[in-house]
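Q: Quick one: structure below, then a few questions.
Just so it is clear, none of the values below were taken in a lab; they were calculated from the coordinates. As the structure is a prediction and not an experimental result, all values here were calculated from the model. In this analysis, Cβ positions are derived from the backbone assuming ideal geometry, glycine residues included, and neighbour counts consider all displayed protein chains.
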Amino acid sequence: MNRHKVVNTCYFGAILAAFVLSLVHNNKVEASTDPKDYFAYLMESEEDAGSVTIIAEDTEEVGDIVSGESQNNIKEMFDVVDSMVRYKNVEKELSVEKGDTLISLLKRSGVTRDEANKVYYSLKSDFNPSSLRAGQKIKAIFSIDTQDDTAPAELNYMVIEINAGERVITARNHDKFETFVEQDELIDKTNAVAGVISGNLSGSMHNAGVPMRAVNNFINLFAYAVDFKRDVKKGDKFEIVYESRVNNNDELIKCGKIVYAGLVLRNQKITLYRYEDSSGNVDYYTASGQALKRTLDRKPLAFRNARISSPFGRRLHPILKKHIIHWGVDYAAPHGTAIYAGGDGVVQVAKYNGGYGNYIKIRHNSEYSTAYGHMSKFAKGMHPGVRVTQGQIIGYVGSTGRSTGPHLHYEVIQNGKRVNPRTIKASTGENLSGQSLVKFKQKVEKVNKEYVDAFSGKETKKVAQK
Ligand SMILES: [Zn+2]
């Protein structure tokens, strides 16, 4: 069930109850009606129905506690009450527009400047109203005068989402406002998802409910072992076990680490398990403790299907119109596509560099460096001396420098000489041994027992029947 709806119904109910009380207090009911009678009537009906939930006008919602005749009676009662009540609560979704302040937003909703100010000052200690962003949606309940279009609206209740699972609520208390912060209880979960790949891998994983962040991490894990365009085919399978933090409505708050990743391809199965050693180093290993072979990424782009627009080697230069050697590989990709560090290393150069445009060079080890040209911009914090890890975003595809369109110019430099990025076989990563291997194998067994074995549960059953 959608929790928002429940919550809304709840605060709607609470507000209406409060509102009814305020009617009695403030004498807002029409002069011809005695508010005491009205209140007594309500109390009586409340006793019949056994709950104040009858405030929900939608009789389907209260079908459990009232039915048949009494349901009709209540409906009638509501018609009567409705015609008596001059001030009605309406729930609205306010949309923050560019240049809006909280005050301008409330004024546009019919609230007086004075009241908007009160809301502002009530809110200020828990939430900075100037941090509202264009496009943000705010839920609010207003009291509206049904007999006078020109009367200002009164704000009764307002909910601003601060973060996922956290919101600030401002509620009317007579002619004042009170603000408080409400937080969902967060639950840590481990999720196991497996599925068949149809179309592309990331789409298939996302459709199976894996959050994009985990999908991207999964793909980055395999980027060195698998050529997604060539090796992964329709009908192949993926398996993933990942951690997450959700609110009590099962909405994702934080996507955690991948515990296990598997790709079942036509002719091979690749499985990787996360392991953190006693000094806190994290890496992924096969079930037997072999390190994931981390070759330099051949195509360090978020757009894994990017095509080569110009290969490494001799070519006719499109701008200079003469044969020269092309010292890298060009990948055509949409402007703004994220560019990854091809391997772990240290940034050596990050600056505008003539024909290269915005350019970054990373030193990986004594043997290898990589370079990236024509970026539209660098990622935050890219300066010489900064440490980067493989797959980390270092910049974005552009067309700066000598370039005819958005693409990444990617170079791999081995011992000072530029080599073809498509044919490199450099690998790093140590296999587990000794005590680490023992601990790792215990962990693998546990993860398999709890999650991974179930992925092939059907097959196991078949075998057992034989
Ligand atoms: Zn190039």
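Q: Please state the shape class of segment 94-224: rounded when a/c is under 1.5, otherwise prolate if a/b exceeds b/c and oblate if not, all from the C-alpha gyration tensor.
A: Prolate, because a/c is 1.5 or more and a/b exceeds b/c.
Q: Can you sort LEU320, LEU252, LEU105 by how many other beta carbons sit within 10 Å, fewest first?
A: LEU320, LEU252, LEU105
Q: In whole Å, what is the distance between the alpha-carbon centres of segment 338-368 and segment 91-123?
A: First find each Cα centre; the distance between them is then 48 Å.
Q: Report relative contact order for segment 232-333 in percent, whole number only (criteria: Cα-Cα under 8 Å, sequence separation at least 6).
A: About 15 percent, as a whole number.
Q: At most 14 other Cβ atoms within 10 Å and a DSSP loop assignment: could you name the trypsin sites (Lys or Arg not before Pro) in segment 189-285 that fit?
A: Details: sites: LYS189, ARG213, LYS229, ARG230, LYS233, LYS234, LYS237, ARG245, LYS254, LYS257, ARG266, LYS269, ARG274; in loops: LYS233, LYS234, ARG266.
Listed in order of number, the matching sites are LYS233, LYS234, ARG266.
Q: Using only the Cα atoms of segment 105-144, build the gyration tensor, take square roots of its eigenvalues as a ≥ b ≥ c, and label the shape rounded, prolate or oblate: rounded if a/c is under 1.5, else prolate if a/b is larger than b/c, else oblate.
A: oblate
Q: Could you tell me the distance between the Cα centroids of segment 196-229 and segment 385-453, to the nearest Å?
A: Cα centroid of segment 196-229 versus Cα centroid of segment 385-453: 16 Å apart.
Q: Something else about it: Once you have a ≥ b ≥ c as the square roots of the Cα gyration tensor eigenvalues for segment 307-419, tell me rounded if a/c is under 1.5, and otherwise prolate or oblate according to whether a/b is larger than b/c.
A: Note, shape of segment 307-419 comes out oblate.
Q: Another question, if that's okay. Please identify the GluC sites (Glu not before Pro) of segment 207-300 that satisfy two criteria: DSSP loop assignment and at most 15 other Cβ atoms within 10 Å. Which are they?
A: GLU251
Q: Please list 408-414, 303-309, 324-330 highest first by mean number of surrounding beta-carbon atoms within 10 Å per residue. Before the final figure, lay out each step's value.
A: On the way: 408-414: 22.7, 303-309: 15.1, 324-330: 17.4.
Going by the mean number of other Cβ atoms within 10 Å, highest first, we get 408-414, 324-330, 303-309.
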